[in-house]
Amino acid sequence: MANGRIQAEVIFPVEFYDVDSMRIVWHGNYVKYMEKARCALLDKIGFGYLEMEKNGTSFPVVDVKLKYVASLHFGETVRAVAELIEYENCIRIQYKLYNNESGILTTKAESTQMAVDMATGETQFVCPRIFIERVEKMQGGQE
């Protein structure tokens, strides 16, 4: 945790199927890289997608922001860091993707997910209590 916030990171190679003819990661694949880090973060909290489903809630992504700073290339390794920055009314996560070898920041991003009751399809404007409790337990009651 940094500044009382929960973080998770994953390290993985840039695969050949993720790049274009110039061996540069195709811009749409950065969202997939964000998803890898988001899954690690939600699993760390103990509320991954399977746990959400068990609790009758889905969390569709409603907003994504990306800022491409530098390119990633085939043969490099990515370090994707996800940090939870909001969790009471929605799940908002900030991401930083790095070239793991050079340490260069390649991408800054953010995603927002809203809770939806799976039985009714209704948007929930507050996250499920179980999720909030798990986040606050990890933070030691801070925030």
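Of the residues making up segment 109-143, those that are among the hydrophobic types (A, V, I, L, M, F, W, C), surrounded by fewer than 18 Cβ atoms within 10 Å (Cβ to Cβ) and within 15 Å of residue 45 (Cα to Cα) are 130, 132, 138.
Looking across segment 12-47 at every residue that is touching a strand residue (DSSP E or B) at 6+ places or on another chain (Cβ under 9 Å) and among the basic types (Lys, Arg), the one that is surrounded by the most Cβ atoms within 10 Å (Cβ to Cβ) is identified as 38. In segment 7-30, is there at least one residue being of a type outside the set (Gly, Ala, Ser), in contact with a helix residue (DSSP H, G or I) (Cβ under 9 Å, 6 or more places away or on another chain) and under 30 Å from residue 120 (Cβ atoms)? So far as segment 7-30 goes, no, none of its residues is of a type outside the set (Gly, Ala, Ser), in contact with a helix residue (DSSP H, G or I) (Cβ under 9 Å, 6 or more places away or on another chain) and under 30 Å from residue 120 (Cβ atoms).
Taken over segment 71-101, the criterion of being under 14 Å from residue 14 (Cα atoms) and either free of Cβ contacts under 8 Å to residues at least 60 places away in the same chain or not hydrophobic (A, V, I, L, M, F, W, C) (or both) is satisfied by 71, 72, 73, 75, 76, 77, 79, 98, 99, 100, 101. Show the residue pairs meeting these rules: Cβ distance below 7 Å; 6+ apart or different chains; first residue within segment 31-51 and touching a residue at least 40 places away in the same chain (Cβ under 8 Å); second residue open to solvent by less than 40 Å² (accessible area, probe 1.4 Å) and hydroxyl-bearing (Ser, Thr, Tyr). Note: pairs meeting the criteria are 34/95; 34/111; 37/95; 38/111.
Considering only strands (runs of 3 or more DSSP E) fully contained in segment 54-108, which possess at least 2 residues that are of a type in the set (Ser, Thr, Tyr) and surrounded by 18 or more Cβ atoms within 10 Å (Cβ to Cβ)? Explain how you work it out, then say what you get.
Working: elements: 61-68, 77-86, 91-99.
Of the strands (runs of 3 or more DSSP E) lying wholly inside segment 54-108, those with at least 2 residues that are of a type in the set (Ser, Thr, Tyr) and surrounded by 18 or more Cβ atoms within 10 Å (Cβ to Cβ) span 91-99.
Given the criteria hydrophobic (A, V, I, L, M, F, W, C), at negative phi and open to solvent by 20 Å² or more (accessible area, probe 1.4 Å), does residue 50 qualify? Yes; evaluated as a whole, the condition is true for this residue.
The values are calculated or read from the model by the stated rules, or taken from the named source; none is laboratory data. Predicted, not measured: the structure shown is a model, and the values here were computed from it. A quick note on method: Cβ atoms are made from the backbone with ideal geometry, for glycine too, and the neighbour counts reach across all protein chains shown. Accessible surface areas use protein heavy atoms only, side chains included; no ligands, DNA or RNA. Shrake-Rupley method; radii C 1.70, N 1.55, O 1.52, S 1.80 Å.
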